[in-house]
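Following: one structure in structure tokens, then a few remarks.
The values are calculated or read from the model by the stated rules, or taken from the named source; none is laboratory data. Every value quoted in this text rests on a predicted model; they were computed, and no experiment measured them. Don't worry about glycine lacking a Cβ; one is built from the backbone with ideal geometry, like all the others, and counts go over all protein chains shown.
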Amino acid sequence: MSKEHQKYLKKRKIIDILIRIIQIIIVLIIIAIWQYAADKNYINTFISSSPKNILKTIISLYKNKTLFSHIWITLYEVIISFTIGEIIGITTAAFLWRFNFIYKILDPYLTILNSMPKVSLGPIIIILAGASTKSIIIMALFISVIITTINTHQAFKETDQNKIRLMQSFKATKSQIFFKLILPSNYNNLINTAKVNIGLVFIGVTMGEFLVSKAGIGYLIMYGSQVFDLNLVMTGIILLITLAALMHYIITFIEKNIEFKT
Amino acid sequence: MNILKIKNLKKTYHTKESEFLAVDNFSFNLKEGEFVAIVGPSGCGKSTILSILCGLDKPSKGQIIYNKKLDFGYMLQSDNLFDWLNVYKNCILGLEIKKRKNKKYVEKLLKTYGLWEFKDTYPRNLSGGMRQRVSLIRTLATNPDILLLDEPFSALDYQTRLAVSEDVYKIIKKENKSAIMVTHDIGEAISMADRIIVLTDKPSTIKNIYEINLINKSTPIENRKDKKFSYYYDLLWKDIDCHV
């Protein structure tokens, strides 16, 4: 390696580290300003809470042993909904890719279902499935599956026609074309759809917990707002942000470290 | 000996707006080991003929007669290598699809044509010329009787194009294959083919067929230096409708 190249690499590394440091500083500054404004009574802590109060709330939740159970319940619902949503979405997309005639029939229904506010189905889901985890997962699936299906199918359909012709010139069957070409060539699209999906699942699960109101971070927020404990509400929001960031990083990690092999 | 006879081939494409006659009254015979080039104005139905031959498209009318069960190898314009597979895996794609076990031939091809040391390399790290050679080996791997080449070099720059056409020609001759190549490059056609079919513009019908009898028939780059090369070039140039 030449000296110039070493210099270049070093420079790039320094810039990367600098960006990370600035990102962390921004968060710290926001927290500091928030706490400062609260201490000086510039803001009403009853409504906007403060970092210290949030920390206290987290500690008290931890002491009465409910913190991790709420986090776990939400995480569990998110993971289950996400997994089922991906499976149903990709399978349906594959089915629609295979049977274009059926896709053409279903197309308008999918579009309408996609633009409908799925939250409005909440009460019906609770009546049908009961006020339980089941309802929350169904809620999350309603929100995520349709868009996953539409996006994935769109990506499948846009696969390079020349590559499909190549496969056909080898007399490949439809399932060979799917598993050897369509699926691996859309690896990046599947990851991107998964990123969108995880966000939607969080919305679905939180909405579900609002409605079912038994446990989970969504429940904490709902409960907090009902008893006017805004510290609890803010704590719930912070926990949700942390979880969403965590899930996002997990997917990015998978994207970077696992190459598609057939 | 003729291994392939095409009689009065006709192909009409139908779209919502209109119907379009791509190929009409197309007949010719291919001899074993022969290299035939099809030239004509771009946008005419040249590629259609190849798609029909290897079964990707159905003819509207006409007959294709084989003297035995023929296997076609189709090589398209772009190399269409799969980015997520290494060179070796790309080459055995056809074998895997056809569920054939014998990988010896691919290994021999890779070794003979200087790609063995790149067998674990991914396509993004190969030059345009090497990609095209991998693409040819992938086509040859299933041991087809006839190669169909659809403007196989048009994505390459001029220098590479000459070099790769030289390579491809040698490989095809050495493996003793018959080939039909579609191209819009007159020079390429004369330097490689035994016979050239000139097509008319929309619909594609046969305008003329030329036997190419160079004085010293050799490999493409040498053939370009042949005394009769420019004679054929003029002949074909005048024959192809070229409206600029």
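Below, the figures for the structure above:
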read-out	value
Residue check, B:Phe35 of a type in the set (Phe, Trp, Tyr), more than 10 Å from chain A (Cβ to nearest Cβ) and in contact (Cβ under 8 Å) with a residue 24 or more places away in the chain	yes
Matching option when the condition is touching a strand residue (DSSP E or B) at 6+ places or on another chain (Cβ under 6 Å) and on the phi > 0 side of the Ramachandran plot, among B:Gly62, B:Gly114, B:Gly55	B:Gly62
Leading residue by the ranking (nearest to the chain's Cα centre (by Cα)) among those in region B:200-227 that are assigned to a loop (DSSP other than H, G, I, E, B) and polar (S, T, N, Q)	B:Thr219
Subset of region A:156-182 that is surrounded by 20 or more Cβ atoms within 10 Å (Cβ to Cβ) and either among the hydroxyl-bearing types (Ser, Thr, Tyr) or away from chain B (no Cβ under 13 Å) (or both) - its residue that is nearest to A:Val119 (Cα to Cα)	A:Phe156
A:Thr57, sole failed condition from (1) buried (at least 17 other Cβ atoms within 10 Å of the Cβ); (2) β-branched (Val, Ile, Thr); (3) within 26 Å of A:Ile143 (Cα to Cα); (4) in contact (Cβ under 8 Å) with a residue 60 or more places away in the chain	(3)
A:Ser185, sole failed condition from (1) small (Gly, Ala, Ser); (2) more than 14 Å from chain B (Cβ to nearest Cβ); (3) surrounded by fewer than 21 Cβ atoms within 10 Å (Cβ to Cβ)	(2)
Region B:38-77 - residue that is more than 10 Å from chain A (Cβ to nearest Cβ), of a type in the set (A, V, I, L, M, F, W, C) and part of a strand (DSSP E or B) and, of those, farthest from B:Phe153 (Cα to Cα)	B:Ile65
Segments classed as helices (runs of 4 or more DSSP H), wholly inside region A:78-172, with at least 1 members that are closer than 30 Å to B:Leu81 by Cα, in the same structural domain as A:Thr193 (by TED's automatic domain parsing) and free of Cβ contacts under 8 Å to residues at least 60 places away in the same chain	A:100-115, A:133-157, A:161-169
Residue that is in contact with an Asp or Glu (Cβ under 8 Å, 6 or more places away or on another chain), assigned by TED's automatic domain parsing to the domain that holds A:Lys134 and at positive phi, where the choices are A:Gly216, A:Gly208	A:Gly216
Flag for A:Ile217 being within 14 Å of chain B (Cβ to nearest Cβ), crowded, with 19+ Cβ neighbours inside 10 Å and out of contact with any strand residue (DSSP E or B) (no Cβ under 6 Å at 6 or more places or on another chain)	no
Filtered residues of region B:78-91 (kept if surrounded by fewer than 21 Cβ atoms within 10 Å (Cβ to Cβ) and more than 11 Å from every other protein chain (Cβ to nearest Cβ))	B:Tyr88
Whichever residue in region B:156-170 is under 13 Å from the mean Cα position of the chain (by Cα) and closer than 15 Å to B:Gly33 by Cα and, among such residues, is modelled with the highest pLDDT	B:Tyr169
Residues that are surrounded by 15 or more Cβ atoms within 10 Å (Cβ to Cβ) and within 14 Å of chain B (Cβ to nearest Cβ), drawn from region A:220-259	A:Glu255
When residues of region B:19-32 are limited to those that are outside any loop (DSSP other than H, G, I, E, B) and either within 14 Å of chain A (Cβ to nearest Cβ) or of a type in the set (Asp, Glu) (or both), the one farthest from B:Leu148 (Cα to Cα)	B:Glu19
